[in-house]
Amino acid sequence: MLKTASHKASFYFFQLILLLSASLYAQTTDPGTLEICEGEPVTVWPSLNPAGDSPDVTWYHDSNGTVEIFSGIDDGIEYQINADGSMTIVGLAYESTANTYIQASTYNYYVGASYQNLPTSLLEHIKVRVFNVPDLKTTRPAAVCDPTGSVDLSDFIDDFDPLVFDYEILDPSGNSIPMDEIYKQTQNGVYSIRSSYKDFGCWSPTNTIEVTIAESLLEPDFTYEVDLGQGSVQVNGNLQVFQPVDFKDATSWNVVSQHWSFGDGNESNIANPTHTYSSKGSYPVVLTAIDDIGCAHSIEKVVEVSDDYMIILPNAFTPASTKNLYFKPEYKGIASISFLVFNTWGELIYETDSLESMGWDGTWNGENVPEGNYVFKGIFITASGDKIIRDGVFVLIR
């Protein structure tokens, strides 16, 4: 309810002056005034005969007493004529017609009372002034990721202006916040806010601002692995060019999403991506993990990528034993291979160009070959494109 210096927040009663008159034309007394906030219902009362007579009361829109008001809805406003002669009005709106919020919208009503054996009274003029209620709007701040951080609530109140508006702000515990403290709030939760034009007391509906501040600093973690084959895995070691590297998020807290930057211009949003480097060098790999309140936390590790290669060829193998069942080269940093085995007569008895091949099993055309000396030749292409040729003699032992 509006608060003013000259009016109490209650309904006014006006003394109706009854004049005997032979005039057939309606006349009005000076108006009384009620002041309300937009959206409030109001009940207006006529002045009644102090002798206690029961008059017939009629309400009008106009001072001539020609547009009578009946119970019901008229132009979006609801009227209820009560048995005691009062009228309750619901839906009076503030209509902006001035450049200042101090102005009010004025609604004029007129009421006449007819008493038995007495002429009709003058029409009593009653004004209802409707004052504006602010259209308060708020926005939600982003999460504060620094546990020592704070939120300035005024940044999230649209058109914030303490010179024009009064504000009533409650913290998440329901405690009122002084205006000089709203600029640095550190409590998590929902703040309640309503506003009124300065000194008017016409309060807006309550709105809210939800504040989220991280409880602690979080750091993600990751590992990177290389499959060396035959069940051997290298973890967090030096890498080779063109070698697939499996990056794995090892963060200990709940991660909503990840973003990887591999330091060579490539990125990924997969939780555990695989990446291959095409040239040697030092690459800063950055994992950015988003937590469940929307905060981004990053960690950087530098990986070393080499252009090294290694080729090892055994000088014997034993296909009939439980070890060394296959003859094959062991290698690292090799991109492609062509590997051949010949008998001492120069006949080709085995070949492969697969890096995944298990190797020669000591057979030719489905039959075991005899033990003895055999000749190999390997053509290896390194990850950087160099061609390496290895050949020699080895022994098959049964």
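Go through region 285-306 and report how many residues are open to solvent by less than 50 Å² (accessible area, probe 1.4 Å) and in contact with a Lys or Arg (Cβ under 9 Å, 6 or more places away or on another chain). Qualifying residue count, region 285-306: 5. Within region 265-277, being part of a strand (DSSP E or B) and within 27 Å of Leu217 (Cα to Cα) holds for Glu267, Ser268. Take the residues in region 96-108 that are part of a loop (DSSP other than H, G, I, E, B) and not polar (S, T, N, Q), then tell me which one is modelled with the lowest pLDDT. Ranking the candidates gives Ala98 first.
Screening region 109-158 for residues that are part of a loop (DSSP other than H, G, I, E, B), open to solvent by 60 Å² or more (accessible area, probe 1.4 Å) and closer than 21 Å to Phe200 by Cα and picking the one that is modelled with the lowest pLDDT gives Asp135.
Tyr183 satisfies every condition listed in (1) touching a residue at least 24 places away in the same chain (Cβ under 8 Å); (2) under 29 Å from Asp292 (Cβ atoms); (3) open to solvent by less than 70 Å² (accessible area, probe 1.4 Å) except (3).
Tallying residues that are more than 24 Å from Pro370 (Cα to Cα) and in contact (Cβ under 8 Å) with a residue 40 or more places away in the chain within region 294-337 yields 22.
Taking region 362-383 as the range and being loosely packed, with under 15 Cβ neighbours inside 10 Å and part of a loop (DSSP other than H, G, I, E, B) as the test, the residues that pass are Asn365, Gly366, Pro370. Looking at region 264-283, which of its residues are within 17 Å of Val305 (Cα to Cα), among the β-branched types (Val, Ile, Thr) and open to solvent by 80 Å² or more (accessible area, probe 1.4 Å)? If the condition is that a residue be within 17 Å of Val305 (Cα to Cα), among the β-branched types (Val, Ile, Thr) and open to solvent by 80 Å² or more (accessible area, probe 1.4 Å), then Thr274 is the only one that fits.
Just checking, does region 208-222 include any residue being under 23 Å from Thr274 (Cβ atoms) and open to solvent by less than 30 Å² (accessible area, probe 1.4 Å)? Yes; the residues of region 208-222 include at least one that is under 23 Å from Thr274 (Cβ atoms) and open to solvent by less than 30 Å² (accessible area, probe 1.4 Å). Of the residues that make up region 209-217, is at least one among the small types (Gly, Ala, Ser) and either farther than 30 Å from Asp171 by Cα or part of a strand (DSSP E or B) (or both)? Among the residues of region 209-217, not one is among the small types (Gly, Ala, Ser) and either farther than 30 Å from Asp171 by Cα or part of a strand (DSSP E or B) (or both), which makes the answer no.
Criterion applied to Asp171, Asp199 was being touching a residue at least 24 places away in the same chain (Cβ under 8 Å) and among the charged types (D, E, K, R), and the one residue passing it is Asp199. Just so you know, in region 385-398 the residues that are in contact with a Ser or Thr (Cβ under 8 Å, 6 or more places away or on another chain) and in a loop (DSSP other than H, G, I, E, B) include one that is modelled with the highest pLDDT, and it is Ile397. Picking from residues in region 328-361 that are among the aromatic types (Phe, Trp, Tyr), part of a strand (DSSP E or B) and more than 12 Å from Lys377 (Cα to Cα), the one that is least open to solvent (accessible area, probe 1.4 Å) is Trp360.
The values are calculated or read from the model by the stated rules, or taken from the named source; none is laboratory data. On a predicted model such as this, the values are computed, not experimentally measured, just so you know. Ideal geometry is used to build each Cβ from the backbone, glycine not excepted, and the neighbour counts take in all protein chains shown. Surface areas here come from the heavy atoms of the whole protein model, side chains and all, with no ligands, DNA or RNA. Shrake-Rupley method; radii C 1.70, N 1.55, O 1.52, S 1.80 Å.
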